[in-house]
Amino acid sequence: MGNWHTHVFTSTYTADVSGVCSALYELGGMTVLHDPSGCNSTYTTHDEPRWYDSDSLMFISGLDEMTAVLGDDSVIIRDVVRAAKDLKPRFITLCGASIPHIIAFDYRGVARLIEKETGIPVLPVATDGLKSYVSGAGLAMKEWIRRFAERKAEKIPGRINLLGVTPVDFSRQENADAMKKVFTDAGYSVRVFAMGETFENLQEAYQAECNVVVSSAGRNPAQYMYKTGKIPFVEGVPCGEQMAERILQAVKTGTNQYVCDDYDPEGKILVIGEEIFAKSLASVLKGKPLYPDIDEGLDEDLLLQEMEKAEMIIADPLFRYGRRGNAVFIPFPHEGYSGRLFRKDIPVFAGKEFDIERYIREKK
Amino acid sequence: MKEWQLIKDTAYEYNADIGLSYSSPARGVWNIVHIGTLVPESHQIFVCPTSCLRGVVLTTAEMGAMDQMSTITVGEDNILEGNMEEELHEGTRKILDSLPVKPRMVMIFTSCIHHFLAVNYQRVYRLLRQEYPDIDFVDCYMDPIMRRTAPPDPTLRRQIYRVIGKADHDPSAVNFIGNEFTMTENCDLWLHLQQNNITVRDITACDTYDEFLRTAEGSVNFTFHNAAAKAGRDMELRLQQKWIAMRPSYDYDVIDADMRSASEAAGIPAPSKQEITENRKKTEEAVKKALAVIGDTPVSVDHTAVDRPLEFALFLLEHGFQVESVYIDVFTEDKNIFERLQAEKPDLKICPSLNWNIRRAERGHEGKILAVGQKAAYFNDTDYFVNIIESEDMYGYAGIRRMMERMIRACEKPQNMRDLIQIKGWGCQC
């Protein structure tokens, strides 16, 4: 096994801070990244397809050396209060990268102070810039649910939530719509966390009889809602008819279900991507999933070994760099890995209509 | 809070680079990856947490230059175990031993977190220099937390020249230092040096590392941008190469004065009175031609397009153009330029480009507007725009004439602003 830190040839998955922004983008809040610079432009350039056409409030605090050395939290409090009083967001989210982490920035305390001064709810999401977007999006969704969802709401039969739906994993609204259609066609009413959905609709989260976790970012909120509302969850992406049917059957059980197959360690089709997506696609193809760890990403040595052993690789086109072996490479772009670079080539892969065999034939 | 203010109500100490910052979709300004990639046969290693790596890796991927960069991710384990130096050392060795072709120069970018954890990276570089004597290692910094005192961009423009050693200076050769674009016929100084058979070396025009190293032979270093000043000063101190900062001015007298200083330093005659007269005449004609086309169409300028946006706005106003707004976050130009602009056009709008209050500004403009720069184009929502950053290759009279041509073209022919401004590192052909 190699050293996971070093990547000679390959890219990196996007970070927790981008996950926070992406998850809460459409809900009328204001997200503040506590960081010197860069995280905001990285997110809005590479990870956020909605940026140009909307006016969602995503800002960076511009933390500088003296403020960090002195631990002067009054700067960010003053700046956030000033902006919030003018822009009047529905809520404020506070997250940050590595410097706040190492100076032990008190997210919860600062959030309380800002909330007290503005009267606007503030969500502290203690990211550290060291983990993948999965962590950030999950923490943000969980925190939003904890604060805003009506926990005592009565269950509505046939209501489900799709958890973990962000452009980082699904890119296009069409993917969110196609997933939703799988369930509405089966008679369910659906709430989607959080693309194409309203704040008020999502407040009804606890009305659901089941949570469908369609990306690993949805796990944290699903486990939280299971703990606090006894709502069972099912993991899987409805990428094609087979997976859609499996998920629909699992939802009916009323228990926690993992619908993806145990993979064959000797499988010759390697699917690289977000965990639940990779497992779902690998289940259909009898292949082997390879997915990044939240803390360590993908170990490049392991990645290259697996790619060398495979006969076919389904992965983001950026994985072509450094590839060894003669495997057929099927490009399957993933916003969370290559950002906007291949955005126009990201297919509508959710829904019963998606046929991975046909996709492979077309891309070979 | 109002998104803009009139210059008559604005203090010279204006600074919109405080408080929460917004990131507009205009991406043309180069970042450190673009600048670093100018060095031929080099390799960049970024050592940072995931959140910092993402931007530089995808910048590189979008340039199609993934074979020129590698990464070492800083993890929680490094923070807890205090093994940043070992990680940096081992990671760099692994990268160098894995690359199919050994680079001539390796730029290692450490980040904000290394400062705060007091990492002794210079020791690691010393070891690496012993282990790989054929490779030049350069300490570089992606540390925006230092942006108030040592911003990453000018620091990198200095660092990439740190590999240049002492050499005998050739009186028939000079260097252009710290440029992003190759300056040729749109630059008065290049034209004048050519006329006098002086060789100009410029990193932007180097195809090989050896060619780049010949920068050492230049007798004078010329810089054209504020961001290059650190490099010019450093090389003057270290290598005793004379440094002349050419002011990116639109004032004819300033241009003439700087050309005289440059000529003296290069040991050649200054432009003659006749040349200056001819140059001024041609430039005034070019300006009149542009005014005839642009007429009363309002003009908006931003600070990413030209080094001196206030002076440029003043130049345009004094020549009859209807400059309406300037997008700028902090005034760095002389106070007298600011005061003259206040007197010339008291209702000139001064707009921030990154302060939080611009996020919900109503983008657009009633009627046609000509923008000079990507941010001005974006905020005015106009397809009529001059798509340049950092004055591109323009300097002096020739530069002004070129700018007039580009303004005419931009006014006559709309472009796809939405797509063009979102391209990262505009004009970077690495």
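Quick look at the numbers
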| item | result |
| --- | --- |
| Chain A: angle of helix A:300-309 to the longest principal axis, Cα-based, in degrees nearest 10 | 20 degrees |
| Average Cα contact separation per residue, chain A, under 8 Å, 6 or more apart, as relative contact order % | 19 percent |
| Shielding by partners, peptide A:90-99 (average Cβ within 10 angstrom, other chains) | 3 |
| A:Glu353, B:Glu87 arranged by Cβ crowding within 10 Å, fewest neighbours leading | A:Glu353, B:Glu87 |
| Charge dipole of chain B about the Cα centre (unit charges at C-beta), most positive-ward option of B:Ala173, B:Thr10, B:Val29 | B:Thr10 |
| Chain A: most fluctuating residue of A:Glu65, A:Glu197, A:Glu311 per GNM, C-alpha cutoff 10 Å | A:Glu65 |
| Farthest toward positive dipole pole in the range A:68-109 [+1 Lys/Arg, -1 Asp/Glu at C-beta], among A:Val81, A:Ala68, A:Phe105 | A:Val81 |
| B:Gln122/B:Thr208 FRET efficiency (R0 25 Å; Cβ-Cβ; nearest 0.05) | 0.30 |
| Rel. contact order, % - alpha carbon contacts under 8 angstrom, at least six apart, the range B:40-151 | 30 percent |
| Cα gyration tensor category, rounded, prolate or oblate, for chain B with a/c compared to 1.5 | oblate |
| For A:Val122, distant residues with modelled amide H under 5 Å away | A:Ile92 |
| On Cα atoms only, tilt of A:219-229 relative to the major axis of chain A in degrees | 70 degrees |
| Listed residue pairs exceeding 25 Å between alpha carbons, taken from A:Lys309/A:Lys352; A:Lys181/A:Lys279; A:Lys142/A:Lys180; A:Lys116/A:Lys142 | A:Lys309/A:Lys352 |
| Rounded to 5, percent antiparallel among DSSP beta bridges of chain A | 5 percent |
| Length-normalised contact order of chain B in % [C-alpha pairs under 8 Å, at least 6 apart] | 22 percent |
| Bridge type composition, the range A:188-344 - antiparallel percent by DSSP, nearest 5 | 5 percent |
| Estimated dipole of the range B:173-273 in Debye, rounded to 20 [Cβ of Lys and Arg +1, of Asp and Glu -1, Cα centre] | 300 debye |
| Among B:Leu96, B:Thr71, B:Cys140 - extreme Cα towards positive end, dipole of the range B:40-151, charges at beta-carbon | B:Cys140 |
| Antiparallel bridge percentage (DSSP; both residues within the protein assembly as shown; nearest 5) | 10 percent |
| Label-point gap, in nm, between B:Tyr12 and B:Thr277 - each point 7 angstrom along Cα→Cβ | 3.7 nm |
| Cα-centred dipole magnitude for the range B:40-151, charges only on beta-carbon of K, R (+1) and D, E (-1), debye, nearest 20 | 340 debye |
| For the range A:1-83: rounded, prolate or oblate by the Cα gyration tensor [a/c cutoff 1.5] | oblate |
| Helical mean residue ellipticity (222 nm; -39500 (n - 2.57) per DSSP H run of 4+; nearest 500) of chain B | -12000 deg cm²/dmol |
| Likely footprinting exposure, A:Lys131, A:Lys88, fewest C-beta neighbours within 10 Å first | A:Lys88, A:Lys131 |
| Prolate/oblate/rounded label for the range A:152-258 (Cα gyration tensor, a/c 1.5) | rounded |
| Per-residue mean of C-beta atoms belonging to partner chains within 10 Å, peptide B:110-116 | 5 |
| Exposure proxy order (Cβ contacts within 10 Å, fewest to most) of A:Lys180, B:Lys230, A:Lys309, A:Lys227 | A:Lys227, A:Lys309, B:Lys230, A:Lys180 |
| Within 10 Å of each Cβ in A:299-306, the average number of Cβ atoms from other chains | 1 |
| Charge dipole magnitude, Cβ of K and R +1, D and E -1 - chain A, Cα centre, debye nearest 20 | 880 debye |
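None of the figures in this text is laboratory data; all of them are computed from the coordinates on show. Keep in mind that what you see is a predicted model, and the values were worked out from it rather than measured. All Cβ positions, glycine included, derive from the backbone under ideal geometry; neighbour counts span all protein chains shown.
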